[in-house]
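Novice: I have a structure here, written as structure tokens, and I will follow up with some questions on it.
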Amino acid sequence: MAGRLDDVGLLDQHCHGIWPQPLSRTAFEAGLTESADPPPAGTTRFDSALGLAVRRWCAPVLDLPAHAPAGDDLARRGELGPPEVARRLLTAARLDGLLVDGGHRPDELLGPTALGGLAAAPAREVVRLETVAERLVAAGAGPAELVAGYPEALRAAVRAVDAVAVKTVAAYRVGLDLPANPPGGAELGAAARRWYARQPDPAQPRLDDPLLLRFVVEHGLRLGLPLQVHAGFGDPDLTLHRSDPALLTGLLRVAPAPVVLLHNYPYHRQAAYLAHAFPHVYLDVGLAVPHTGARAAAVLAEVLELAPFGQLLYSSDGFGLPELHFLGATLFRRGLSAVLTGLVELREWAPADADRVARMIGSGNARRLYRLDPSHSP
Ligand SMILES: [Zn+2]
């Protein structure tokens, strides 16, 4: 096994686009946190595990010494300009491919094609289930039309971008304790009417009814494509304890398609158990890798305790800053390498097994799951 997994390609199975414009220091720091608020007065977002990782690992990609002060890093960003900064960081991530969630603030971000071009890797799209419903409503569909029209609208959205997966952000909307079974006709119709009645602005709807969310999830699952589910920490509009993936257990028992639990931290051990229990459940620790910085190895070690190795995936959840796509890959390679090297040194694992498992988690499992390589038998 290569010491730092440098030769292991990574398939980033969940990320977003990047901001194309030059950023002020305030805007850059806002990209280093999930918080919607500025840091406490007199402090900086650079004083975090992620912030120190930016100074350690991103600075050399921009020709600066490792650990250069944050101000130098930002000045160098300004000199190089956003396209060159993005090209350097995304190619340095050495990705085999990217799966891009195009449903979150797409108007302000460079999309999948541009992102793939900068990364010199193929990019494919993931369709958000909630966005498809909200677009229908914003276009004037009433409650009955939403229920009747959603399945075809979803199929059309998937066809339009040749999507490889669908995704739900139910964790942000109501939490993951969705009903195990989808609602039936009268119950669904009543839920749709109730939800419409409490939308403050029909032009900007927000799908946040548990039965309607279970309805869109059901139609996502019926496509047969993998369903990605945000779980665990994220923006503060989620309530953390309601994003525990174990709350999905009833739904997972009846899900007719693969379910991919994204992020999961601090419930990554619960997610590992769910993958252990259900062969159609997959997981990553996405966002937790860049945000835990030098401690990412500890998180990865905990996932490897119980999760079957064929059901583990890699993602960065990079959003806005290409530093996040790069750090996700860099810290994942370093963290996984530290864990696997330790096991080999203890003579618990053979080097060949460590190498094989690293390649499975890095890209092999994702290729098989998303059918990205037709020659790869399932
Ligand atoms: Zn995301």
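Novice: Roughly how tilted is helix 185-197, in degrees to the nearest 10 and between 0 and 90, from the longest Cα axis of the chain?
Specialist: Tilt of helix 185-197: around 70 degrees.
Novice: With the cut-off at 1.5 for a/c, could you classify segment 233-378 from its C-alpha gyration tensor as rounded, prolate or oblate? The partial results should precede the final answer.
Specialist: Numbers: a/c = 1.40, a/b = 1.13, b/c = 1.24.
Note, shape of segment 233-378 comes out rounded.
Novice: Where does the chain land on the Kirkwood hydrodynamic radius, alpha-carbon pairs, in angstrom?
Specialist: Values: mean 1/r = 0.0470 Å⁻¹.
Kirkwood radius, the chain: 21.3 Å.
Novice: Which order do the peptides 367-373, 290-296 come out in when sorted by mean C-beta neighbours inside 10 angstrom, highest first?
Specialist: Ranked by mean Cβ neighbours within 10 Å, highest first: 290-296, 367-373.
Novice: Still on this model: Measuring from a point 7 Å past the Cα of residue 135 along Cα-to-C-beta, which residues in segment 88-106 have an amide N at less than 16 Å?
Specialist: Output list for this probe position: 100-106.
Novice: A further question on this structure: Using a Gaussian network model of the chain with C-alpha springs under 10 Å, which one of 69, 151, 112 is most mobile by mean-square fluctuation?
Specialist: Checking each option, the largest mean-square fluctuation is seen for 69.
Novice: Can you give me the C-alpha center-to-center distance between segment 140-177 and segment 48-71, rounded to a whole angstrom?
Specialist: 40
Novice: Run lengths n ≥ 4 of DSSP H only: what is the helix-derived mean residue ellipticity at 222 nm for the chain, with -39500 (n - 2.57) per run over all residues, to the nearest 500?
Specialist: Theoretical 222 nm ellipticity from helices: -13000 deg cm²/dmol.
Novice: Starting with the highest mean, order 349-356, 172-179 by the number of other Cβ atoms within 10 Å, averaged over the residues of each peptide.
Specialist: Ranked from most to least packed, the peptides come out as 172-179, 349-356.
Novice: Turning to a different aspect of this structure: Say we join alpha carbon atoms closer than 10 Å with springs in a Gaussian network model of the chain; which of 271, 139, 192 then has the biggest fluctuation?
Specialist: Answer for the Gaussian network model of the chain: 139.
Novice: Zone of residue 180 (label point 7 Å along Cα→Cβ, backbone N under 20 Å): which residues in segment 279-293?
Specialist: 279-282
Novice: Please give, to one decimal in nm, the separation of the simple spin-label points placed at residue 80 and residue 201, each 7 Å out from Cα toward the Cβ.
Specialist: 3.7
Novice: Still on this structure, I have one more. Excluding ligands, DNA and RNA, what is the solvent-accessible area per residue of the chain at a probe of 1.4 Å, expressed in Å²?
Specialist: Per-residue value: 41 Å².
The values are calculated or read from the model by the stated rules, or taken from the named source; none is laboratory data. Source: prediction; values computed, not measured. Note that each Cβ is placed from the backbone with ideal geometry, even for glycine, and that neighbours are counted across all protein chains shown. Keep in mind that these areas ignore ligands, DNA and RNA; they rest on the heavy atoms of the full protein, side chains included. Shrake-Rupley method; radii C 1.70, N 1.55, O 1.52, S 1.80 Å.
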